[in-house]
1. Can you find a residue that is β-branched (Val, Ile, Thr) and either within 19 Å of the chain's Cα centre (by Cα) or under 24 Å from residue 17 (Cβ atoms) (or both) anywhere in the stretch 382-392?
2. Starting from the stretch 393-405, take each residue that is closer than 17 Å to residue 234 by Cα and list its partners that are of a type in the set (Lys, Arg), counting only C-beta distances under 6 angstrom and pairs at least six apart or across chains.
3. Search the stretch 25-43 for residues being aliphatic (A, V, I, L, M) and either farther than 26 Å from residue 401 by Cα or in contact with a strand residue (DSSP E or B) (Cβ under 7 Å, 6 or more places away or on another chain) (or both), and hand back the single one that is surrounded by the most Cβ atoms within 10 Å (Cβ to Cβ).
4. If I ask for residues that are farther than 19 Å from residue 15 by Cα, in contact with a Phe, Trp or Tyr (Cβ under 8 Å, 6 or more places away or on another chain) and surrounded by 23 or more Cβ atoms within 10 Å (Cβ to Cβ), which ones from the stretch 133-185 would you list?
5. What about residue 178, is it within 29 Å of residue 285 (Cα to Cα), in a loop (DSSP other than H, G, I, E, B) and not assigned by TED's automatic domain parsing to the domain that holds residue 312?
6. Determine which member of the set 387, 377, 360 is surrounded by fewer than 15 Cβ atoms within 10 Å (Cβ to Cβ) and either among the basic types (Lys, Arg) or in contact (Cβ under 8 Å) with a residue 24 or more places away in the chain (or both).
7. Pick from the stretch 343-357 the residues that are more than 16 Å from residue 379 (Cβ to Cβ) and free of Cβ contacts under 8 Å to residues at least 24 places away in the same chain: which of them is surrounded by the most Cβ atoms within 10 Å (Cβ to Cβ)?
8. Hey, among the residues in the stretch 265-305 that are more than 24 Å from the chain's Cα centre (by Cα) and farther than 30 Å from residue 53 by Cβ, which one's surrounded by the fewest Cβ atoms within 10 Å (Cβ to Cβ)?
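The values are calculated or read from the model by the stated rules, or taken from the named source; none is laboratory data. Bear in mind that the values here come from a model prediction, so they are computed numbers and not experimental data. No Cβ is skipped: glycine too gets one built from the backbone with ideal geometry, and neighbour counts run over all protein chains shown.
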Amino acid sequence: MANKKVLMLCGDYMEDTEVMVPFQALQAYGLLVDAVCPGKKSGDICRTAIHQTTNPDHQISRNESCHWFSSTCRKTYSEFRGHNFTLNATFDEIDLSTYDGLVLPGGRAPEYLAMDERVLNLVTHFAKSGKPIASICHGQLILAAADILKGRKVTAFPAVGPVLVAAGAYWVEPQTLASCTLDGNIITGASYHGHAEYIRHFIKALGGTITGSDKRILFLCGDYMEDYEVYVPFQSLEALGCHVDAVCPNKKAGEKCPTAVHDFEGDQTYSEKPGHDFKLTANFKDIDASSYDALVIPGGRAPEYLALDPAVIKLVKDFMEAKKPVASICHGQQILSAAGVLKGKKCTAYPAVKLNVVLGGGTWLEPDPIDRCFTDGNLVTGAAWPGHPQFISQFMSLLGIKVCF
């Protein structure tokens, strides 16, 4: 059977994770995903935005309705520059009949995409065909402009509510920013905090089934880990139904780690910008490695100092000695090297980490191209976030998790 094929409608200053998490997660599950933007071609980039509120878990009461932001919160989200997102298809060349579903990221891009007649015709085509449409955050502005929401239950980022009501939708107040709503072929989410449920609904709507997802997975986090390298695998595994915990030394459940946006922008090394804050789900000091099936180590700058922590080294050794699946990406291999677990192992990493790998006794595998990933026994390694589809797919294979259509 041919692979399912999904179209993603992009634009400048779409929300960073709201495009990359579903884009790479769906590819990791075996789908073909084309990302396009009106007026741009395959290989062009769209700039993205980091949108963040101060309190994403604020519970919305009935009395607050769409006026979600209380006096304890900012009245809007903050915005920073995110990664550059590279398109892999040309808008003017796509054949809509070849796609099985449509994804609309949020952010600021939908404000102007909703004014583009070509975009509205595209969305109307998917709506009339009954094919799944997944839209998140401000993406629902495009659905409203396409006039396909009359009588349909939808949620969105709270500030979008009045527009959706005016478009004839049945507004479902998001109880948290992780809220999602399903009505027929339309899946809507309030924000990237709800990616797990949002992506899972989309997979099901495409006819997919998930098996082997009864796994407990631990993420080893730290301040200024790479934004994509924690969010994409974390939410991709959650979407599969895995129980995923994130811990950081000297931090507790509910506390946050700031992340870093590392990108390739023509300089001699990667650039760095502030990313989203990432909320931890468990206490590091309470972790029992034996209660988890696998370990994931994101890259970024965090591994530089995590590799100096004896408790981190012991944790990594426990997983490796038990031969449980371990997935490490980019600079995460600095921790593996420090733990002495690379001896006799073939692995890759970000090219600048080659010295750590070689001195740690590992056999260096050149990451050419940069998205190439490798599996050696229980260890999956990747060089950088462009390799997430391979990285997650290979990790799923070790875990025995499958998505079938």
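1. Yes, because at least one residue in the stretch 382-392 is β-branched (Val, Ile, Thr) and either within 19 Å of the chain's Cα centre (by Cα) or under 24 Å from residue 17 (Cβ atoms) (or both).
2. That search, which allows pairs on different chains as well, returns 399/215.
3. Here the answer is 26.
4. 154, 164 - these are the residues of the stretch 133-185 that are farther than 19 Å from residue 15 by Cα, in contact with a Phe, Trp or Tyr (Cβ under 8 Å, 6 or more places away or on another chain) and surrounded by 23 or more Cβ atoms within 10 Å (Cβ to Cβ).
5. Against the criterion (within 29 Å of residue 285 (Cα to Cα), in a loop (DSSP other than H, G, I, E, B) and not assigned by TED's automatic domain parsing to the domain that holds residue 312), residue 178 qualifies.
6. Answer to the check: 377.
7. In this case the residue turns out to be 354.
8. 268
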